[in-house]
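Each remark here refers to the structure printed beneath this line.
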Amino acid sequence: MSARLSRGGRLIDRSVPLTFRFDGRPMTGLAGDTLAASLLANDRMLVGRSFKYHRPRGILASGAEEPNALVGLGQGPRFEPNQRTTTTETFDGLSAISQNRWPGLEHDLGAVSGCLSRFLPAGFYYKMFLWPRPFWKHVYEPLIRRSAGLGKAPQEADADRYEQAYAFADVVIAGGGIAGLTAALAAGRAGRRVILLEQTAHWGGRAPVDGDPIEGMPADTWVKNAVQTLEGMANVTLRLRTTVSGLYDHGYALACERVADHSPGDGRPRHRLWRIRAGKLIAATGAIERPLSFAGNDIPGVMLASAMRDYVVNWAVSPGARTVVVTNNDDAYRTALVLADAGLVVAAVIDARPAATGDLPAQARARGIRVLEGRGIARVRGGRRVSGVAICAQEGEGAVLEEIACDAVAMSGGWSPVVHLWSHCGGKLIWDAAGAMFRPDAARPPTGDAGQPIAATAGAASGLLDTAAVLADAHAAAGGEGPAPQASCPTEAPMLPVWIMPQGAGPALKSKMWLDYQNDVKVSDVQLAAREGYESVEHTKRYTTLGMATDQGKTSNINGIAVLSQTLHQEIPVTGTTTFRPPYTPISLGSIAAEARGEIFQPLRRTPMHDWHEAEGACWEPVGQWRRPWCYRRGAETVQEAVNREVINTRSNVGLLDASTLGKILVKGADAGRFLDMLYTGTMSTLPVGKCRYGLMCNDNGFVIDDGVVVRLSGDSWLCHTTTGGADRIHAHMEDWLQCEWWDWKVHTANLTEQFAQVAIVGPKARRLLETLGGMDVSREALPFMAFAEGTPGGFRARVFRISFSGELSYEVAVPASEGLAFWRACVAAGAEFGAMPYGTEALHVMRAEKGFIMIGDETDGTVIPQDLNLGWAISGKKPDYLGKRAQQRSHMASPERWKLVGLETLDGSVLPDGALAVAEGVNANGQRRTQGRVTSSYYSPVLKKGIAMGLVLKGPQRMGEVLDFPVEGGRIVQARVVDQVFYDRDGEKQNA
Amino acid sequence: MLILTCPHCGIRAEETELAPGGEAHLKRRGPGHSDAAFEDYMFARKNPRGVHFERWRHAHGCGKWFLAARCTATLEVFGTYPARTSGPPPDILAAIRARRPGWEAGE
Amino acid sequence: MPDAVSALEGRSYRGFATVTEAGLTGMVSLRGDLASVDLAAALLAATGCAVPGLRRRVEAGAWAACWMSPDEVLLVGPHAAAPGVAAQLAGALAGQHALAVDVSDARASFRVAGPKAAEVLMKLSPVDFASFGPDEVRRTRLGQIAATLWTSGAEDYTVLCFRSVAAYGFGVLQSAARPGSELFPGRG
């Protein structure tokens, strides 16, 4: 059994007990515990079930590499699945549930599939679900969906806040162990700007557990002093609970700070994602111990040797009362010694090497610990907990020499440097045969914007496992002056690479040797993949799912690669590694979204009159990031009724439209006319001062990108109106051509869109409204159609444009944005006696469609040229050039076979669905029904009391009167006649009034 | 995430402050040019592994367009320069050759 | 004179730093050749300001001139005086390749104040505030929108954004200034 020891525990505070719940059961932990430590202290070794076979799973590790001990943490709006108990700090009131089990952790019905595991080999899904094909949709997919995913998704909105922050440093050091601290001291003393980040809540890493003295003092003391020194340096920032999750291009590092995971609801943000620009990143990220592959190595109670001594030394927790240590190296003897020091029984050390000759085995023997050389574990006994091990010769095939009873197994297969941060941005690795590890190749680092190295590694991350060497390497990595901190450490004998235990194990044993604990990938699966031709490590990974779980193969990858290499009879470096990709450990989606939720999910653009619209019950239409009133419902009106009322009122009285969102770009300069002539298809240089002209803009590929009214303000300045969505884009388009192509032309632009609020006063009584406001002559003579004047209607400084997008008598009045709301209110007040009502964008659309005016984004979609829209009149034939002219001369553009704009009138008066296609006879090359047109705009016209539409139809204008078939939902066909697109006031008498 | 120094305002801008604009030094082909020349201008783009010239706009900044000479494989930046030029200036070419001996303009 | 209002009418929030919409602010955009003697003379006459150097801000009485781009200066001063300054500049530079236009209402202006004001901005803008000069103007990104920043004292930042996104700008500043979310709770 596992239990809390009566003394020791360097990280715990025995005076602060904590109460928490696991699967509903109350348990007690101590301040300083990780959840894993608390669970072990409560004799809770079985904490979850594996993904595929629902095998019982215990705690394997003590840190971020943990593949097994994942739980659902928190409740309700703070629930989160797949949290590692080994990195979760226990706090009072914590609540965790085990995962992937039903009905309960102890008795899981899904575990039945464990008995059938030989029917679920690598590639099972690919093989099984291939046939019969019709089964896919109704049988296999629902089946897979039901069993897919580890843990449960949260059901409620996250109660916590998250944020991001930017930081800049000469040196970012990932890892606050002795290597990181040494590097920080060196860089800090050299005056560099240093950020030192440690993923756990404690400085010092493994060194205080492993116990080698540094500079003549206990490691703990040295660490404390180092931290104190660093805290005194103004150029050094230290941060705990912060994991550097990735290194990206040009020294960009992401680090996730778990600000309040251990104190939920205290008002602080839960996570903070640091976006750091680092001159150099030093990965002092240590190394991860590897499991050994022996049969039953996944049974709860089998643990990494280093983790076991962490639990004893850091948290005074004994994972077992009687432990067998199995190893291929000297380091694991430290665990045997720590256990013995704690008064626990070490039944034996099983050493796969023919002889154990180092200082540490000697110390173990001196303590009376039995050491078996050249031995391995044939299989682990036990089901939900280890009950013993069967010993065999490592060189043999697994014949049992001896049974040893025990309740825990500490294993060590050697160490893998944590090279993730080095590798993320292209740092290369070399295979170190002596250490049986991939370590960074210092000669091939990831490089930055000047081609300089942007990462280095320090200490164990460089592949150095000896304390003195770790300190020297870290000191050098940070460019330290003078001697590195010194350490004394025992001499360790070389390790022996052991990839399978015993070496000659047959299929029965290999099918019980786990590589990837979380995804249930075994030695036999990798070998099967190799036999089936998966020779690339990347393919094998995906075929077997090795290393694809939430732990991303931290404990399994190297073992898997070694097994694959052996099976393929090739050296490990030939096989290579899979690609290391960020994040190193999962980061919360919340920290990625940060502040972007709720009201500030994205910028919403509001006009100066926004609040007035809202108070008047506007329904909103998103147009780009703008919110425009769609219509204003009154009382019990439906949206359609409101739109109809707004259209009829505008056409019979007067309507007010907030047109502030229209783009307004000032173009001024000696070459402004010439510039606009290039930009628009029409001619703007000849526009008289005080006049307005409709303009159409194409890109140089010939397609329509925007339209709007251009106003000549003065001899050298024009005001270009753009669409609501087009203002920023068109301003950028103008600047692009001015800066990059015609840079010697004398033209300035200014985007004045937001400087002005604009109100469209529309309808037969529009002029009377303005006359009521007073202050300016708006008569037909003073201000005819397509003219503009400056004035002070109602006392407001204004530009008044006599332009119309509705076909009615219409004035658009621009006033400074700060006065927009006041002007709008003045219009509403002055219009009261004329029945003035505000109208929204839907009424605007209906009225422009009744007039046959195009709308960018409806009639155009990036493939439409002006000629398709019968807008030849807006194209100057005389100009030698404009943007798009050459493109429009291409044969396909000039083809008579193009789809062109027409009006469409349904025979039954109904409204055609937007986007409906007109079908033609026959099928195309893909066997699909041929089409000959599509609906681009379609509305109910309350004035004409029927559906009206516009569409692009093959040779449309030549087919007036023809009836086309539009299949609609439900298999019905709606017939519509090709007609002129102008449905209302064809002669323009109203707008010219 | 890239950093490019805006040659107009001197800011070492990160990618989120910039807007990309595709290949640099294209020659506009308007009316009077053949279909082939127009096609080349409008559609044919280099996609080199190695030295590449690109357009960038300091969008969340001074708003100016600039050009960057960059290695598409290593992301090394050889230099940035104002867009008001029809070809890479000599100092940029020299910087590229210093880092990529044997590289020839027009590759 | 009609009722003129700024985008958020002086909204304010007190977190670990104070965020305040600064109300109506006069702004004039001046584009032209910043090296030109005529432009410098016109600017001096209209505002008392010299032409600012690269990314700098110069103050003279009620007006400040902010370098925005190699051919643009933003003049910041009293709201009511802006149309006059724009007109005066336009008049003085008539016939030259220059543009002066009143843009007072195109933007909103915020002040972020307090000893930890920089920590608010560090969450939203990819700017190294440790090396941010006292007379520096920085155009950058504030969350998802364009912004212009400068300091008006050691603990006082001014932030400009476009008027239509003022509520978003205020919202992200407010969110970043929430008590308990200090980036360096131990310091200062």
Cα-Cα pairs above 22 Å in region C:26-105: how many percent? 8
At q = 0.12, 0.22 Å⁻¹, what is the base-10 log of I(q)/I(0) for region A:3-115 according to the Debye formula with one equal point scatterer per Cα and no solvent? Please give it to two decimals. -0.40, -1.22
Greater than 28 Å separation of Cα atoms is the criterion. Which listed pairs, A:K878/A:K990; A:K428/B:K64; B:K64/C:K116; A:K280/A:K541; A:K664/A:K851, meet it? A:K878/A:K990; A:K428/B:K64; B:K64/C:K116; A:K280/A:K541
If amide H atoms are built 1.01 Å from N in the plane of the peptide, which residues on other chains or at least 5 residues away come under 5 Å of the amide H of A:A31? A:D13, A:V16, A:L18
Anchor A:K955: lysines whose Cα lies under 17 Å away (excluding residues fewer than 8 positions away in-chain): A:K900
Rounded to the angstrom and largest first, Cα extents along the principal axes for region A:202-343 equal 47, 39, 36
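Report the local net charge at A:A672: Lys and Arg +1, Asp and Glu -1, summed over other residues whose C-beta lies under 9 Å from its C-beta.
Spelling it out: positives minus negatives among the neighbours equals +1.
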12 Å beta-carbon shell around A:S488, net charge (K/R +1, D/E -1): -4
Provide the FRET efficiency to the nearest 0.05 for the A:K879-A:A201 pair, computing r from the beta carbons and using R0 = 56 Å. 0.20
At q = 0.10, 0.15 Å⁻¹, what base-10 log of I(q)/I(0) does the Debye formula yield for region B:3-99 when every alpha carbon is treated as an equal point scatterer in vacuo? -0.29, -0.63
In bins 10 Å wide, starting from 0, what share of all Cα pairs of region A:1-61 does each bin hold, as a percent? 21, 50, 23, 7, 0
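Once the piece of chain linking A:H569 and A:D266 is laid out straight, how much longer is it, given 0.36 nm per residue of separation minus the C-alpha distance between them?
Taking 0.36 nm per residue and subtracting the Cα distance, the gain is 103.4 nm.
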Under 37 °C and 0.692 mPa s, how fast does region B:9-59 diffuse according to Stokes-Einstein, given a Kirkwood radius computed over C-alpha pairs? Answer in µm²/s, whole number. 250
Specify whether the C-alpha gyration tensor of region A:834-981 places it in the rounded, prolate or oblate class, a ≥ b ≥ c being the square roots of the eigenvalues: rounded for a/c under 1.5, otherwise prolate if a/b is larger than b/c and oblate if not. oblate
Count neighbours as other Cβ atoms within 10 Å of each site's Cβ, and list the trypsin sites (Lys or Arg not before Pro) in region A:527-562 that are DSSP loop with at most 12 such neighbours. none
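Counting other C-beta atoms within 10 Å, which of A:L509, A:L604 has the fewest, and how do the rest follow?
A:L604, A:L509
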For region A:320-412 (alpha-carbon point model, no solvent) the Debye-based log₁₀ I(q)/I(0) at q = 0.11, 0.15 Å⁻¹ works out to -0.27, -0.50
Rounded to the nearest 0.05, what FRET efficiency do A:F135 and A:Q486 have when you use their Cβ-Cβ distance and R0 = 51 Å? 0.15
Can you give me the angle between helix A:219-231 and the longest principal axis of chain A, using Cα atoms only, in degrees from 0 to 90, rounded to the nearest 10? 30
For the pair B:A98 and A:A920, the simple spin-label estimate (label points 7 Å beyond Cα toward Cβ) gives in nm 6.1
A:A993 to A:N699: extension gain in nm, 0.36 nm per residue of separation minus the Cα-Cα distance? 102.3 nm
Need one number: nm distance between label points at A:M217 and A:E403, each 7 Å from Cα along Cα→Cβ, rounded to one decimal. 5.3
Give the separation of the Cα centroids, region A:922-969 to region C:119-147, in Å. 53
If the viscosity is 0.890 mPa s and the temperature 25 °C, what translational diffusion coefficient in µm²/s does Stokes-Einstein give for chain C when Rh comes from Kirkwood over Cα pairs? 144
For region A:218-296, report the convex hull volume of the alpha-carbon atoms normalised per residue, in Å³, without decimals. 205
For region A:383-500: span of alpha carbons on each principal axis (Å, largest first): 60, 33, 29
CD proxy, 222 nm, the protein assembly as shown: helix-only mean residue ellipticity via -39,500 (n - 2.57) per DSSP H run with n ≥ 4, per residue, nearest 500, stands at -6000 deg cm²/dmol
Let me know the Rg and Dmax you get for region A:213-256 when you use only its Cα atoms, in Å. 14.5, 41
How big is region A:663-751 by the Kirkwood estimate over distinct Cα pairs, in Å? 12.6
Sparse-neighbour loop sites [trypsin sites (Lys or Arg not before Pro); region A:1-80; at most 13 other C-beta within 10 Å; DSSP]: A:R7
Which one of B:G50, B:G79, B:G30 has the biggest mean-square fluctuation once chain B is modelled by GNM with Cα springs under 10 Å? B:G30
Based on the Cα coordinates of region A:895-993, what is the per residue volume of their convex hull in Å³? 113
Given labels modelled 7 Å from the Cα in the Cβ direction, how far is it in nm from A:V16 to A:K691? 8.1
Label 7 Å along Cα→Cβ of A:A894; region A:843-868 residues with amide nitrogen under 18 Å? A:865-868
Fewest-first ranking of C:S164, A:S511, using other Cβ atoms within 10 Å as the exposure measure: A:S511, C:S164
Here FRET efficiency (C-beta to C-beta, C:A41 to A:S714, R₀ 25 Å, nearest 0.05) is 0.65
Dividing the Cα convex hull volume of chain A by residue count, how many Å³ per residue is that? 225
So which chymotrypsin sites (Phe, Trp or Tyr not before Pro) in region A:774-877 are both in a DSSP loop and have at most 15 other Cβ atoms within 10 Å of their Cβ? A:F785
Cα axis of helix A:820-831 to longest principal axis of chain A: angle in degrees, 0 to 90, nearest 10? 40
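Readers should treat all values here as calculations from the given coordinates under stated rules, not as data from a laboratory. Since the model is a prediction, treat every value here as computed from it, not as a measurement. For neighbour counting, all protein chains shown are included, and Cβ atoms are generated from backbone atoms with ideal geometry for every residue, glycine included.
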